[in-house]
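The values are calculated or read from the model by the stated rules, or taken from the named source; none is laboratory data. From a predicted model like this one, the values you see are computed outputs, not experimental measurements. Methodologically, a virtual Cβ is constructed for each residue, glycine included, from the backbone with ideal geometry; neighbour enumeration extends over all protein chains shown. The protein model used for the area step is the full one, side chains on, heavy atoms only, and it has no ligands, DNA or RNA in it. Shrake-Rupley method; radii C 1.70, N 1.55, O 1.52, S 1.80 Å.
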Amino acid sequence: MDSAVHNENGRLPMSTSAQIGVTGLAVMGRNLARNFARNGYAVAVHNRTASRTRALLEEFGDEGEFIGAETAADFVAALERPRRLVIMVKAGDPTDAVIEEFAPLLEDGDVIIDGGNAHFADTRRRERDLRERGIHFVGTGISGGEEGALHGPSIMPGGSAESYASLGPMLEKISAKAADGAPCVTHVGPDGAGHFVKMVHNGIEYADMQLIAEAYQLLRDVAGYSPAQIAEVFRTWNTGRLDSYLIEITAEVLSHVDAATGKPFVDVVADQAEQKGTGRWTVQLALELGVPVSGIAEAVFARSLSGHTALREASRGLAGPTAQPLSGAAADAFADQVEQALYASKIVSYTQGFHEIAAGSAEYDWNIDLGAVAAIWRGGCIIRAAFLDRIRAAYDARPDLPSLLADETFATEIAEAQHDWRAVLGAATSQGVPTPGFAAALAYYDSLRADRLPAALTQGQRDYFGAHTYRRTDREGSFHTLWSEDRSEVQV
């Protein structure tokens, strides 16, 4: 079928047989529409700029059944009931504008799916407002980038159970498949649960990337390896417990040589890492929920610091050691220690991320299945990794698991890694190599296992200057010391 053929009036041909529609045909939207079509669904496609719709039909119309629409009314008319309409536009006001354009054209039981990186609070608001109008709203996290959108992403839909009954089978068909064949999609929970989980996924992604970058810097500055040598180290790591998409692509980036200069690609890229905001949202929400995500926070701050070029330039003359690279067997032994430190720190990052998901689930009454979340991250998404199978198993065995570090297997692995983890941080400190992610992960681990924290002193200080009270270890209740008088204690 030639879906790009126009009728006598110059408009795209219409039908009412489309099972799903996609509006917003930038790269992600276009590829998602193609994914649906490739999987046998008739797909209505629409874009505010009609030329983009025509371009999709002309270039990819032979991949499946597409129904092009130049107006919102034509687009909605092309969809079978209940209508399923996927929005793939920028988060924020553009999403609200598209919803307001299409919602009046829909009927009870129709479904709007937002596949962008929306803030979960916006999703909760939209879901509530549209529910009152009889329309289902499904905030859906989609991870995997443009390749994932085309070939199979990890998909994190929220919304009502009723909407998932209609939409779920289609998402399961187009999603990535884990090694065991399971589709990488699950109904995460009501209203904003899907976008919340996608947000935390991205926060973990920030931490994972920062830890990998720190491992690279340590191998370069302390072990004295070249980028090409480090690429081979990462390829070796990718055959073991660190097997993951991010480790795989790191090896590819490090082995790439710039054609213009002949230098390693990583040496001609400005050392300024940008961000779109989801990592920052993860940290902000963690603060509101009272959940420590120090590894994710350090990753966000590391990107921020990298962009302060004037500040960095003004500080380059500050005193400090210069790294003295190792060689031979000593360098290789250090590389093995870095692998241990990276793995242990990675476990901590995931621990913090899953803790935040659990806290959000409790706060908003979402009842999120953490094992199911780990399962759908095994394929398609940016943080897909072999050890997610073990995270899934840990939560499946103990749904009330308070922390991944409370799982016997992970606790044993960290116990085995901690000597090398500490040695790597000692070397980094003595040689002046910044490792905020590794350091934050170890500090979190040591804080959890400590018998007593200095928070006792902090609370004493708060009571001294602000009469904020404190609790005692030997009896119940809240107390205040009369510091400016006789320092007697009163129960309050």
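The table that follows gives values for the structure above.
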quantity: Under 5 Å, built H, 5+ apart or other chain: amide partners of Ala91; calculated: Asn117
quantity: Contact order normalised by residue count of region 199-449, Cα under 8 Å, 6+ apart, percent; calculated: 29
quantity: On Cα atoms only, tilt of 436-449 relative to the major axis of the chain in degrees; calculated: 70
quantity: Ellipsoid equivalent to region 199-449 - semi-axes via the Cα gyration tensor, in Å; calculated: 30, 20, 18
quantity: Principal axis dimensions, largest first and in whole angstrom, of region 20-187 by Cα; calculated: 39, 38, 27
quantity: Spatially proximal aspartates and glutamates relative to Lys263 (Cα-Cα < 18 Å; intrachain offsets below 8 disregarded); calculated: Asp221, Glu232, Glu252, Asp271
quantity: Accessible carbon and sulfur surface of the chain relative to its total accessible area, %, 1.4 Å; calculated: 51
quantity: Descending principal axes extents, the chain, alpha-carbon based, whole Å; calculated: 87, 67, 47
quantity: Ratio of Rg to Rh over region 165-300 (Cα coordinates, Kirkwood Rh, two decimals); calculated: 1.05
quantity: Cα Rg, Dmax, region 364-492, angstrom units; calculated: 21.4, 65
quantity: Cross-link partners of Lys90 among lysines (Cα-Cα below 30 Å; sequence separation of 8 or more within a chain); calculated: Lys173, Lys177, Lys198, Lys276
quantity: Cα centre as origin, Lys/Arg/Asp/Glu Cβ charges: the chain dipole, Debye; calculated: 360
quantity: Other-chain or far-sequence residues with amide H under 5 Å of Glu65's (modelled H); calculated: Val43
quantity: Crossing angle, helix 455-466 versus the chain [Cα axis fit, 0-90 degrees, rounded to tens]; calculated: 90
quantity: Whole-number accessible area per residue in Å² for the chain, which is evaluated in the context of all protein chains at 1.4 Å; calculated: 46
quantity: Whole-Hz ³J(HN,Hα) from phi, Karplus 6.51 cos²θ - 1.76 cosθ + 1.60, for region 180-188, glycine and proline x; calculated: 8, x, 6, x, 8, 8, 8, 6, 5
quantity: 10 Å-binned pair-distance histogram of region 96-199 (Cα, whole percent); calculated: 17, 48, 30, 5, 0
quantity: Solvent-accessible surface (1.4 angstrom probe) belonging to Met199, in square angstrom, nearest 10; calculated: 10
quantity: Sites matching trypsin sites (Lys or Arg not before Pro) across region 14-114 that sit in DSSP coil, with at most 16 neighbouring C-beta atoms within 10 Å; calculated: Arg48, Lys90
quantity: Integer Hz, Karplus 6.51/-1.76/1.60 couplings in order for region 23-35, x for Gly and Pro; calculated: 10, x, 10, 5, 3, 5, x, 4, 5, 5, 4, 5, 4
